[in-house]
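The values are calculated or read from the model by the stated rules, or taken from the named source; none is laboratory data. Keep in mind that this is a model prediction, so the values were computed, not measured. We place every Cβ from the backbone using ideal geometry, glycine too, and count neighbours over all the protein chains shown.
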Amino acid sequence: MARLKRLVLVVDENAVNQVLKMLTAIAELSQRKIEVASEDEIEAMSEKEDAVNDNKSSEGFKGNNAQVADDPEYKLLFSEKGRRVLNQLRDIQVLDDNYQPDHLSWTKKGYLAYQIAFKLGITRVWKIMGGFWHLDSHSLKTGRDKAESTLKIQAFEEKIKPIFG
């Protein structure tokens with residue numbers, strides 16, 4: 001089975017419908033499974049998935065951060081460097097006063113979790129950050145995976161870039 005790859009094509013706003021029609025026709029002619037969608041359609045699908053993941057998060061994370069609190073990597077969040085990073089993210093209103101994501105999409109939560117973990121040397125990213133934020137670790141990882149192929153993450157990346165260098 002062939003691996004699937006996401007292709008991002010940036011075109012003039014006036015040409016979007018024509019390009020979508022051409023790509024759809026190519027998909028039909030080649031008789032291959034190719035999904036064609038505009039960025040707005042992808043964003044709408046992503047919002048629906050975020051809503052599903054929000055529901056999964058509230059029921060999917062059993063327990064609290066006590067499950068990971070004894071993990072040495074969890075303690076890195078409370079080190080001097082960890083506090084500095086978390087405080088800076090709070091100061092730019094990415095995290096709230098309790099260091100929880102402040103109205104972020106799952107894509108941004110996943111991306112941010114990965115950046116924090118990388119900066120602090122946390123290798124079990126999803127377990128540690130999921131425990132710290134009381135979120136489903138699988139949904140965080142899925143959000144981060146989506147972030148790699150989303151154009152809209154660039155503005156968020158620019159906002160947090162000074163903290164992560």
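A few points about this structure:
- Condition met for Leu112 (touching a strand residue (DSSP E or B) at 6+ places or on another chain (Cβ under 8 Å) and touching a residue at least 60 places away in the same chain (Cβ under 8 Å)): no
- Per-region count, region 106-124, residues within 18 Å of Arg90 (Cβ to Cβ) and either of a type outside the set (Val, Ile, Thr) or within 8 Å of the chain's Cα centre (by Cα) (or both): 9
- Members of region 130-142 found to be outside any helix (DSSP H, G or I) and surrounded by fewer than 18 Cβ atoms within 10 Å (Cβ to Cβ), listed by number: His134
- Selection status of Lys127, within 12 Å of the chain's Cα centre (by Cα) and assigned to a helix (DSSP H, G or I): no
The rows are residues; the columns are (1) among the charged types (D, E, K, R); (2) farther than 26 Å from Leu9 by Cα; (3) free of Cβ contacts under 8 Å to residues at least 40 places away in the same chain; (4) assigned to a helix (DSSP H, G or I).
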site	(1), (2), (3), (4)
Asn98	no, yes, yes, no
Phe118	no, yes, no, yes
Lys146	yes, no, no, yes
Glu157	yes, no, no, yes
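- Verdict on Asn14 being under 20 Å from Asp136 (Cβ atoms), modelled with pLDDT of 70 or more and loosely packed, with under 12 Cβ neighbours inside 10 Å: no
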